[in-house]
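What follows is a set of notes on a single structure, which appears directly below.
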Amino acid sequence: AQRVTQPEKLLSVFKGAPVELKCNYSYSGSPELFWYVQYSRQRLQLLLRHISRESIKGFTADLNKGETSFHLKKPFAQEEDSAMYYCALGGNTDKLIFGTGTRLQVFP
Amino acid sequence: NAGVTQTPKFRILKIGQSMTLQCAQDMNHNYMYWYRQDPGMGLKLIYYSVGAGITDKGEVPNGYNVSRSTTEDFPLRLELAAPSQTSVYFCASSKPTGTEAFFGQGTRLTVV
């Protein structure tokens, strides 16, 4: 089965603190992993995907096939990072499956 | 650039009524998806389509139907609305699943 687990519903940090949003997946094929973000009153939008191996807005995520994880990290959180973050899994099944999401709150 | 357009933005239905949520994209994407978003539950895939004339069930298809007669449009049909279908519905489109999915602004549906 194709499954994404985000164990934290809410993550609260102070500005400047490191952030790690956890994502684990279950998939028998070759996974394609993404992080999507939804800012208040805006559409979901792509933040980054594992195949690009890039840093967007200071966020990075590394695919760890051994641990079946794709955690999202940022060394110094900013207030504007406050949003809902979703991990998503695609692959050769053509489905794009999302996790339950983690709300990140960054306090000043 | 219009991208993915959903109509309506809001709707209140009575139990047992039917309605169609419209979704259109102008990016010539083959893949289209319908999700529902419930608090604490994330996005659940209802139906998806990999091209005109092809549709398939997602995680939570019961109570819904879709069609894909053109590349641009992917309407979602609720035949007998139930309170459990109260949710925010998102449509998305993409090239194959390894690429970015673009989302509509959502339809907030309340069934009373």
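Structure above, values below:
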read-out	value
Evaluation of residue B:34 against (1) in contact with a strand residue (DSSP E or B) (Cβ under 9 Å, 6 or more places away or on another chain); (2) open to solvent by 60 Å² or more (accessible area, probe 1.4 Å) (one fails), failing number	(2)
Listing of strands (runs of 3 or more DSSP E) fully contained in segment B:47-112 that carry 2 or more residues being touching a Gly at 6+ places or on another chain (Cβ under 8 Å) and open to solvent by 10 Å² or more (accessible area, probe 1.4 Å)	none
Matching residues, segment B:25-45, being aliphatic (A, V, I, L, M) and under 20 Å from residue A:7 (Cβ atoms)	B:41, B:43
Strands (runs of 3 or more DSSP E) lying entirely in segment A:1-103 (those with 1 or more residues that are open to solvent by less than 40 Å² (accessible area, probe 1.4 Å) and free of Cβ contacts under 8 Å to residues at least 40 places away in the same chain)	A:45-49
Residues located in segment B:13-29, provided they are over 18 Å from residue B:64 (Cβ atoms) and either aromatic (Phe, Trp, Tyr) or open to solvent by 80 Å² or more (accessible area, probe 1.4 Å) (or both)	B:26, B:28
Checking residue B:40 against (1) open to solvent by 10 Å² or more (accessible area, probe 1.4 Å); (2) closer than 18 Å to residue A:100 by Cβ; (3) touching a Gly at 6+ places or on another chain (Cβ under 8 Å), the condition it does not meet	(3)
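The values are calculated or read from the model by the stated rules, or taken from the named source; none is laboratory data. It should be emphasised that the depicted structure is a prediction, and the values quoted were computed from it without experimental measurement. Here the Cβ is made from the backbone with ideal geometry for all residues, glycine too, and neighbour counts use every protein chain on show. The area values use the complete protein model at the heavy-atom level, side chains included, leaving out ligands, DNA and RNA. Shrake-Rupley method; radii C 1.70, N 1.55, O 1.52, S 1.80 Å.
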